[in-house]
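The next block holds one structure in the form of structure tokens; read it before the comments.
Coordinate-derived values only; no laboratory data. None of these values were measured; they are calculated from a predicted model. Cβ sites come from the backbone with ideal geometry, for glycine too, and all protein chains shown count toward neighbours.
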């Protein structure tokens, strides 16, 4: 292999080398140099080359120094807190001893190199030093994540297992960059509340898989999870429900334990800051005009009071599509503008998700007030009324330097100018939006809804939806081939969605999400091979090591052989379907 050390810059990857059709020599699959070690990296990097182990290794030791250049402070802090904890090494600052001599255990150098892609990185390992260069501070951080994988699964522990452990890195180089800028996980904390510490843990797991967007689903019919100071009843009333349906919505079982919880504004600040330290953006979702019964239960005037006794509504205890939607009034607009003012103060993200999905129009059809509003606005019926609702908040957010994103139902009645689309019902909505020049995040339920069961057997806990195996997720392709080249550029990324109706605690979330999120992470990060066919056998082989990393992190994933006895839910039925709807 070519000797590319910390002081010998490697040329930045070119578009031809790193585009979606680039050939990857990862040392972890087809194309690896003969006789080279095969670090099981997940997601697979674009290009890597490893020297035979007989040529030596870099050894991390007590005197290894961490030399962090400008802009790399977050990555350095993470290395000391995470890798330092696992190895028991201090990774003290600087590249030399106090007397000016070279450190006896070598140097770990972090630097920003603007010549590299924005989130791309280059790792060069030689016997006396390791260098991680990133195109931006985020790139350096992703390189640090790869470095931890190269150290082995024990580097994912919180304390050293053996004081005499010798920590080594194989000699070689890695050049890498993500395929998509939006690599997301949608976490629904409205159906089942997830305590703050569990959210922080998910952020750590996202970072370990190089995911960079947490889509935070904070409000729904079953709960309101964010403190809004000017509207305290949203959490006093809207954050709590008396009971919960246990299993699918057609289940006859109930959990009579009251359920609820919410994040204070300080909790939100902590979550956002913790994510930012890991170069993860938190995109909040405040659902309008549907999925709003929790808000209406707290403030009945938000509902369609001329057709429903909204004062009798409580936070919903069932799953599915709820008929109670927001009234199309100026009072409702002002209320949610106030909500969003506080949301914008807490979340610096460019995008704010406004929902817009599954909004039944029956109450608007029956409401004289809603019909009068349709006539006043001159819009095209109830679909036009929903479009008016979304367009209002699109303008409102744009005036404040933000961008609206919503589920693909916001296409109904006309897409708001400047809005982006989360395409969940298949490809069709995303294709229409992209061809019209709107940005799209692909997240079709047929492929990346991780609440859906992972195998057809009866042992799957609360089996719902379609069978989506690890291989199914791995073979998901976010960019439909029907898109023109110009429209394909509007697919800014992809995300996996974690809806929690049947996930009432952390263990259930772990089981449904992992290991499939590792497969999804590779789809979102790694370039397609020239054949446009990912090699699942290679990924499956690398997962043998990655399971050990998940074990070290304490993740209760679904084992390849099926659920363990304590992961099953005997007697709690779901609603298995014969097969997925077509990808439209």
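Report Rg/Rh for the range 314-396, rounded to two decimals, where Rg is the Cα radius of gyration and Rh the Kirkwood radius. Walk me through the numbers on the way to the answer.
Working: Rg = 14.1 Å, Rh = 14.3 Å.
Rg/Rh for the range 314-396 comes to 0.99.
Give the calculated FRET efficiency between residue 276 and residue 459 to the nearest 0.05, with a Förster radius of 35 Å applied to their Cβ-Cβ distance. All intermediate terms of the calculation are to be shown ahead of the outcome.
On the way: r = 40 Å, r/R0 = 1.15.
In this case the efficiency is close to 0.30.
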Next on the checklist: Output the 0 to 90 degree angle, nearest 10, between the alpha-carbon long axis of helix 137-151 and the longest principal axis computed from the alpha carbons of the chain.
Outcome noted: 60 degrees
Checklist entry - Which three extents, in whole angstrom, do the alpha-carbon atoms of the range 532-584 cover along their principal axes, largest first? => result 37, 34, 17
Next on the checklist: If you fit an axis through the alpha-carbon atoms of helix 368-377 and take the longest principal axis of the Cα set of the chain, what angle between them do you get, 0 to 90°, nearest 10?
Outcome noted: 70 degrees
Checklist entry - Going highest first, how would you order 55-68, 203-216 by mean Cβ packing within 10 Å? => result 203-216, 55-68
Checklist entry - What is the Cα centroid distance between the range 277-301 and the range 394-426, reported in whole angstrom? => result 15 Å
Next on the checklist: Quick check: the angle from helix 330-346's long axis to the longest principal axis of the chain, C-alpha only, nearest 10 degrees?
Outcome noted: 20 degrees
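How big is the antiparallel share of DSSP beta bridges in the chain, given as a percent to the nearest 5?
Among the beta bridges of the chain, antiparallel pairing accounts for roughly 35 percent.
Can you quote the Å³ per residue value for the convex hull of the Cα atoms in the range 182-576, rounded to an integer?
Details: hull volume 53.6 nm³, N = 395.
For the range 182-576, the hull spanned by Cα atoms encloses 136 Å³ per residue.
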Item to check | Rough spin-label spacing in nm, given labels placed 7 Å along Cα→Cβ, for residue 372 and residue 306 | outcome: 0.5 nm
Item to check | For a label point 7 Å along the Cα-to-beta-carbon line of residue 254, residues of the range 305-325 with backbone N under 17 Å | outcome: 313-320
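I'd like to know how the range 58-179 sits against the 2.2 N^0.38 Å rule of thumb: what's its Cα Rg over that expected value?
Details: Rg = 13.5 Å, N = 122, 2.2 N^0.38 = 13.7 Å.
Relative to the rule-of-thumb radius for its length, the range 58-179 sits at 0.99.
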Item to check | Alpha-carbon centroids, the range 504-538 and the range 159-175: separation in whole Å | outcome: 25 Å
Checklist entry - In whole angstrom, how far apart do the alpha carbon centroids of the range 183-233 and the range 235-264 sit? => result 17 Å
Checklist entry - What order, most packed first, do the peptides 254-260, 472-478, 497-503, 439-445 have when packing is the mean number of other Cβ atoms within 10 Å of each residue? => result 439-445, 497-503, 472-478, 254-260
Checklist entry - Sorted by mean Cβ packing within 10 Å, highest first, what order do the peptides 300-313, 221-234, 367-380 take? => result 221-234, 300-313, 367-380
Checklist entry - Given labels modelled 7 Å from the Cα in the Cβ direction, how far is it in nm from residue 329 to residue 55? => result 7.3 nm
